[in-house]
Amino acid sequence: MDGCIFCEIAEKKLHFQIVHEDSDVIAFEDMNPQAPVHILILPRKHIVDLLHLSSTDEVLVGKIHLVAKKIAKEKRIERRFRIICNCGEEAGQSVGHLHFHLLGGRRLGWPPG
Ligand code: AMP
């Protein structure tokens, strides 16, 4: 989508630290990391947020989680990591392209802020 920073990254118009990519999913380092490992995992196609998923996206969402598992193992954080999807401005969503944060490599507090 025009003007979407994550679409631009997915289309490789911007160069980023990409850690995974396939035909449907891309993952790259967050530019403002909140933990030693902070990766964003997202669908290549533009979906605004979780509320905009449809039943045809079932496989895509599963794939994103399998990518998260693969990266957690590669980064050796499989004993302590978290996946977060902020939905809506008040929940902290600042980019309107569905994405999942994979955070790990340090003790993660609960409840989150
Ligand atoms: P959220 O606040 O849940 O929408 O998450 C957006 C995340 O994207 C934040 O953690 C930002 O640091 C990150 N971010 C925004 N722009 C970029 C970018 N160009 N490259 C990498 N990470 C970005």
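The values are calculated or read from the model by the stated rules, or taken from the named source; none is laboratory data. The structure displayed is predicted, hence computed values, not measured ones. Don't worry about glycine lacking a Cβ; one is built from the backbone with ideal geometry, like all the others, and counts go over all protein chains shown. These area figures cover heavy atoms from the full protein model, side chains too; ligands, DNA and RNA do not enter into them. Shrake-Rupley method; radii C 1.70, N 1.55, O 1.52, S 1.80 Å.
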By the mean-Cβ-within-10 Å protection proxy, highest first, 50-56, 69-75 rank as 69-75, 50-56
Dividing the helical contributions, -39500 (n - 2.57) per DSSP H run of n ≥ 4, by the residues of the chain yields a 222 nm value, nearest 500 deg cm²/dmol, of -6000 deg cm²/dmol
Partnerless cysteines (no other Cys beta carbon under 4.7 Å) identified across the chain are Cys85, Cys87
Once normalised by the length of the chain, the mean sequence separation of its alpha carbon contacts under 8 Å that are 6 or more apart gives a contact order in percent of 30
A chain fully extended from Glu90 to Ile18 at 0.36 nm per residue, minus the present Cα-Cα distance, gains in nm 23.1 nm
A correct Karplus calculation of ³J(HN,Hα) over the stretch 63-77, with 6.51 cos²θ - 1.76 cosθ + 1.60, θ = phi - 60°, whole Hz and x for Gly and Pro, returns 4, 4, 6, 5, 5, 4, 4, 4, 5, 4, 5, 4, 8, 6, 10
Result for the chain: accessible area per residue, probe 1.4 angstrom, in square angstrom, of 63
Of all lysine pairs in the chain that are eight or more residues apart or on different chains, those with Cα atoms under 24 Å apart total 12
By the Kirkwood definition, with r running over pairs of different Cα atoms, the chain has a hydrodynamic radius in Å of 14.4
Residue-ordered couplings for the stretch 90-97, obtained by feeding phi - 60° into the Karplus form 6.51 cos²θ - 1.76 cosθ + 1.60 and rounding to whole Hz (Gly and Pro as x), are 6, 8, x, 6, 10, 10, x, 9
If amide H atoms are modeled at 1.01 Å from N in the peptide plane, then the residues at a separation of 5 or more from His46, or on another chain, having amide H under 5 Å from its own are none
Karplus-derived 3J(HN,Hα) from phi for the stretch 7-15 (6.51 cos²θ - 1.76 cosθ + 1.60, θ = phi - 60°), whole Hz, x at Gly and Pro, runs 5, 5, 5, 4, 8, 6, 6, 10, 8
